[in-house]
């Protein structure tokens with residue numbers, strides 16, 4: 001008589017699991033793919049001390065001293081000077097659009113005041129929507145300025161260099177002056193939540209019909225594929241807006257995130273992002289054979305989205321290839337759009353620059369989805 | 001009553017899946033008001049054939065018409081007049097009986113929807129289960145609900161794919177009574193099944209195996225056409241006698257039926273000669289008419305040889 005535990009029965013169970021594991025290619029792919037993906041993302045792509053941050057300089061002084069500071073920034077690994085601005089308005093615009101992370105303003109008369117020992121002001125404005133992206137560079141800036149000026153302040157001016165702080169460095173963290181990470185996280189969460197729920201839900205909605213056999217019944221009726229697709233998607237668009245509303249209310253009243261821009265604009269433009277996610281879900285559901293696979297695919301999609309979009313880690317801290325991958329993902333652009341509107345008060349013109357990549361993504365995925373859906377009819 | 005019209009007219013329908021021919025040049029004519037039985041072993045192509053008729057699949061070659069409409073070009077118009085019941089229960093288990101019927105009625109754009117749904121529920125005896133979830137119904141009631149969903153848009157043709165699989169005998173009998181009532185009202189039904197007793201309830205039958213249509217006609221015609229001869233042998237010592245019978249010349253099938261063994265084959269003379277030996281030992285042997293089951297098993301055995 002077999003006792004409480006039979007090695008033979010246990011072995012039968014183990015053998016069966018292995019056979020099933022081998023048959024289910026998607027699950028097998030997940031088991032190998034997820035750890036690989038995480039290794040690569042965490043190991044190579046993620047850098048919590050970002051360097052080479054794009055910087056614009058507005059030099060109203062044009063003295064050897066101001067040029068020395070600019071050269072110092074160019075030599076530093078923290079700053080990449082991408083633009084010499086012609087005026088304050090241009091610098092401001094670049095910051096608002098998110099083209100640059102920093103703007104250095106050298107006021108007129110900087111060199112003259114420096115020589116006079118009047119401690120002129122150097123203004124470093126930072127896009128602080130993501131405080132973790134700027135803190136390292138800001139910390140390095142002070143030392144960088146001193147070093148750059150030390151080389152200029154020689155001979156009769158050496159005394160100035162010796163004095164503590166020949167210039168006053170003023171750092172102005174724009175859009176998030178208290179450097180509150182939650183100001184960055186909470187609006188970003190909107191994109192993350194939408195991505196997670198909408199892709200999974202629509203992925204399931206259509207595979208469920210197929211798995212339960214109800215799809216066959218549907219296809220035997222006069223209902224058109226387009227009617228099925230849209231009928232499935234529309235309710236979830238409403239779900240998406242509900243989630244957005246919830247997060248906006250929480251952001252405002254629970255987390256006291258200052259809302260600078262127009263909520264109406266945000267809700268209108270978010271339509272493209274919601275649609276892109278739903279289209280992704282529908283496309284997964286045409287590829288997946290069952291509900292489990294649909295969830296696995298969604299997860300596979302979700303992981304790079306959350307890691308490479310700039311939600312968890314500063315986008316500019318990632319190497320070029322990771323930024324390139326991130327630029328394809330809709331969440332990356334939506335995060336910029338949401339943060340732009342909510343934190344920087346972006347209007348339609350500025351927000352639109354983040355909108356077209358979303359629209360392009362939507363178009364491509366939709367084409368794949370519809371093509372796949374047609375084929376599965378036969 | 002109108003002159004008999006052809007409701008299903010399939011000619012040489014062929015369908016392959018990844019190089020394997022599943023339905024091979026099948027032709028079939030079904031007249032108005034007929035109950036046409038569709039038999040064949042599992043995987044013989046019955047489901048594929050039915051799916052081609054209602055536009056779920058596109059035939060590779062051949063042509064067909066349902067209700068006078070082309071099954072390839074006009075499948076949208078066919079769908080509105082056909083009630084298709086898939087082999088698997090394919091309604092929403094998380095919707096109630098009324099909700100399922102209401103949904104189907106809306107998809108078909110049935111006029112005066114509520115009345116239509118109430119009427120079909122009444123007819124199928126589903127009214128007292130109207131607020132039950134479809135998933136909570138027993139097998140027999142699920143099948144009734146599925147039939148009700150096929151009827152709610154008042155189709156002219158029913159395509160039922162093994163509608164009674166896994167349903168108890170009483171429910172099956174009720175189901176067939178309902179199908180007979182419906183065809184009496186002018187509906188046409190093409191029904192695939194595995195059950196011989198159900199086959200005998202059909203006006204006409206077709207037998208398909210490995211994608212080929214092997215025989216068609218009324219049950220009596222099918223039995224006569226095969227020229228099968230059957231005997232009933234009184235069984236006294238079971239297994240040993242069955243083995244002995246199977247070894248006789250001309251015997252193709254030996255099937256135990258309670259206390260008798262049924263023996264059948266095509267060569268009557270050879271069988272009589274063999275059975276004479278048994279008679280001499282005092283075993284009761286009587287010639288009987290062949291059953292549909294014997295005819296179909298014999299057809300399938302022949303198809304396997306080919």
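To the nearest 10 degrees, how steep is helix B:97-107 against the longest Cα principal axis of chain B, on a 0 to 90 scale?
Computed tilt is about 70 degrees.
For peptide B:85-95, how many partner chain Cβ atoms fall within 10 Å of a residue's Cβ, on average?
Shielding by partners across B:85-95 averages 4.
Specify whether the C-alpha gyration tensor of region A:20-152 places it in the rounded, prolate or oblate class, a ≥ b ≥ c being the square roots of the eigenvalues: rounded for a/c under 1.5, otherwise prolate if a/b is larger than b/c and oblate if not.
prolate
Considering every residue in A:209-215, what mean count of other chain Cβ atoms within 10 Å of its Cβ is obtained?
Mean partner-chain Cβ count within 10 Å for A:209-215: 4.
Rounded, prolate or oblate, given the Cα gyration tensor of region A:243-344, with a/c below 1.5 counting as rounded?
Note, shape of region A:243-344 comes out oblate.
Once every DSSP H run of n ≥ 4 in chain A is given -39500 (n - 2.57) and the sum is divided by its residues, what mean residue ellipticity at 222 nm do you get, rounded to the nearest 500 deg cm²/dmol?
-22000 deg cm²/dmol
Using the number of other C-beta atoms within 10 angstrom as an exposure proxy, rank B:164, A:283 with the fewest first.
If I rank by nearby Cβ atoms, fewest first, I get B:164, A:283.
Under a 10 Å cutoff between Cα atoms, tell me which one of B:269, B:162, B:294 has the largest fluctuation in the Gaussian network model of chain B.
Looking only at B:269, B:162, B:294, the biggest GNM fluctuation is shown by B:269.
At a Förster radius of 30 Å, what calculated FRET efficiency corresponds to the Cβ-Cβ distance of residue A:17 and residue A:39, to the nearest 0.05?
0.75
Per residue of A:217-229, count partner chain C-beta atoms within 10 Å of its C-beta, then hand back the mean as an integer.
Across A:217-229, the average partner-chain Cβ count within 10 Å equals 6.
So which residue, out of A:346, A:75, A:217, gets the largest mean-square fluctuation from a GNM of chain A using Cα contacts under 10 Å as springs?
Among A:346, A:75, A:217, the largest GNM mean-square fluctuation belongs to A:217.
For chain B, take the longest principal axis of its alpha carbons; what is the angle in degrees between that and the long axis of helix B:113-123, to the nearest 10 within 0 to 90?
Computed tilt is about 30 degrees.
Quick check on the exposure proxy: order B:54, B:149, B:66 from fewest to most C-beta atoms within 10 angstrom.
So the ranking, lowest neighbour count to highest, is B:54, B:149, B:66.
Only helical DSSP H runs with n ≥ 4 go in: add -39500 (n - 2.57) per run for chain B, normalise by residue count and round the 222 nm mean residue ellipticity to 500 deg cm²/dmol.
Result for chain B, helices only: -10500 deg cm²/dmol.
Tell me the relative contact order for region B:1-149 as a rounded percent, counting alpha carbon contacts under 8 Å between residues six or more apart.
19
Averaging sequence separations of C-alpha pairs under 8 Å and six or more residues apart, then dividing by the length of region A:53-174, give the relative contact order as a whole percent.
Relative contact order comes out at 31 percent.
Report the extension gain between residue B:132 and residue B:185 in nm, rounded to one decimal, defined as 0.36 nm multiplied by the number of residues separating them, less their alpha carbon distance.
Gain on stretching residue B:132 to residue B:185: 16.1 nm.
What relative contact order, as a whole-number percentage, does chain B give when Cα pairs under 8 Å and 6 or more residues apart are counted?
Once divided by the residue count of chain B, the mean separation gives 19 percent.
Show me the three semi-axes of the equivalent ellipsoid for region B:229-289, from the C-alpha gyration tensor (sqrt of 5 times each eigenvalue), largest first, rounded to whole Å.
So the equivalent ellipsoid measures 15, 12, 11 Å along its semi-axes.
Can you sort A:66, B:298 by how many other beta carbons sit within 10 Å, fewest first?
Arranged by neighbour count, lowest to highest, A:66, B:298 become B:298, A:66.
Rounded to the nearest 10 degrees, what's the angle between the helix B:292-305 long axis and the longest principal axis of chain B, both from Cα atoms, 0 to 90?
Here the helix axis deviates by roughly 80 degrees.
Under 1.5 on a/c is rounded, so check that first for the protein assembly as shown, then, if it is not, pick prolate when a/b is larger than b/c and oblate when it is not; a ≥ b ≥ c are the square roots of the alpha carbon gyration tensor eigenvalues.
prolate
Gaussian network model of chain B, Cα springs within a sub-10 Å range: biggest mean-square fluctuation belongs to which of B:68, B:140, B:258?
Of B:68, B:140, B:258, the most mobile in the Gaussian network model is B:258.
Values in this text are rule-based calculations from the coordinates and carry no lab data. Because the structure is a prediction, the values reported are computed rather than measured. We place every Cβ from the backbone using ideal geometry, glycine too, and count neighbours over all the protein chains shown.
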